[in-house]
1. Enumerate the pairs (first residue in segment 7-32 and over 21 Å from S50 (Cα atoms); second residue anywhere and surrounded by 14 or more Cβ atoms within 10 Å (Cβ to Cβ) and among the basic types (K, R)) with beta-carbon separation below 7 Å, excluding pairs fewer than 6 apart on the same chain, so at least 6 apart or on different chains.
2. Residues that are modelled with pLDDT of 85 or more, in a helix (DSSP H, G or I) and over 23 Å from M114 (Cβ atoms): does segment 10-17 have at least one?
3. Out of the residues in segment 70-94 that are modelled with pLDDT under 85 and surrounded by 13 or more Cβ atoms within 10 Å (Cβ to Cβ), state the one that is farthest from R3 (Cα to Cα).
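The values are calculated or read from the model by the stated rules, or taken from the named source; none is laboratory data. Everything numeric in this text was worked out from a predicted model, so none of it was measured. Neighbour counts are summed over all protein chains in view; Cβ atoms, including those assigned to glycine, are modelled from backbone coordinates with ideal geometry.
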Amino acid sequence: MYRDFFNLVQFNYFFPKTSIYKTLSSGNLELIKSDSLKESITDIYESNFSRLIRKVDTRRNAARVLFPYDQKHFRARLLDDVNSPKFSFTGNGIAIPNNFDEVMSDPEFQTLIMEALAGRYNFDAGFKYTIENVEKCLRQIDEYLNK
């Protein structure tokens, strides 16, 4: 549970590589004769990836909303030994409520938890959807190249 509390204020990053698509979309996309393949590629870069980037921004903003509550009501501890010469931050931390019963019965905390859960579910669903579309597009590319 303390690990979950720690992760409440964390957020995801997503940095798609778009240079090849930018090259294709600057006129070279017409080299692909399959309209459905062009549409799949375009949808991934212009729709799926841009949606995920917006969701990352939304999650980051949500984390900023949660952080003041977190700072006021929790104390964070790293499980890794910071003084170890092999230390590298792995996000392996916990957050301990200052007053567990107070936090668990706080309607503000419950609202923040629901927002965090809904936001993460929404991001994960979008991420899975994008993965499915990328896999479908890769199959289309294989079929196109094998013709």
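1. Sorted first by the residue in segment 7-32, then by its partner, the pairs are I32/K38.
2. no
3. Quick first cut of segment 70-94, residues modelled with pLDDT under 85 only: 76-94.
Next cut, surrounded by 13 or more Cβ atoms within 10 Å (Cβ to Cβ) only: 76, 78, 80, 93-94.
Working: A76: 10, L78: 10, D80: 13, G93: 6, I94: 4 Å.
Selected residue: D80.
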